[in-house]
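Bear in mind these aren't lab numbers, they're just calculated from the coordinates by the rules spelled out. No experiment lies behind these values; they were computed from the predicted model shown. For neighbour counting, all protein chains shown are included, and Cβ atoms are generated from backbone atoms with ideal geometry for every residue, glycine included.
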Amino acid sequence: MAVRLARDLNEEVPSTPSTPRERSAVSLNEKPVESTDPSQIDLSKWSYSQLRDTINSSTDLELLQACRNEFQKRFHYFILFYFVTF
């Protein structure tokens with residue numbers, strides 16, 4: 001979180017994060033997104049944890065909406081699979 005705030009304020013960011021939590025935050029913020037249009041962002045190869053962490057930590061509204069849509073789509077398929085199987 002501190003790394004993201006420093007970037008937002010254009011302050012100097014340390015080159016290597018010191019804690020595992022900071023390392024994960026840096027890696028999440030470095031995900032390449034080609035377009036800000038939610039329909040153009042391909043999140044199908046992202047894991048559930050990446051989607052969850054992005055939803056919980058991102059400030060990009062378009063990316064947030066795309067992640068929520070992908071998460072809801074996967075959850076919907078899971079529910080369908082679960083009720084058809086059992």
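Side notes on the structure shown:
- For beta carbons closer than 8 Å, sequence separation of 6+ or different chains, a first residue in the range 39-65 that is in contact (Cβ under 8 Å) with a residue 40 or more places away in the chain and small (Gly, Ala, Ser) and a second that is in a helix (DSSP H, G or I) and surrounded by 10 or more Cβ atoms within 10 Å (Cβ to Cβ), the qualifying pairs are Ser57/Arg4; Ser57/Ala25; Ser57/Leu28.
- Members of the range 36-86 found to be among the aliphatic types (A, V, I, L, M) and assigned to a helix (DSSP H, G or I), listed by number: Leu51, Ile55, Leu61, Leu63, Leu64, Ala66, Ile79, Leu80, Val84
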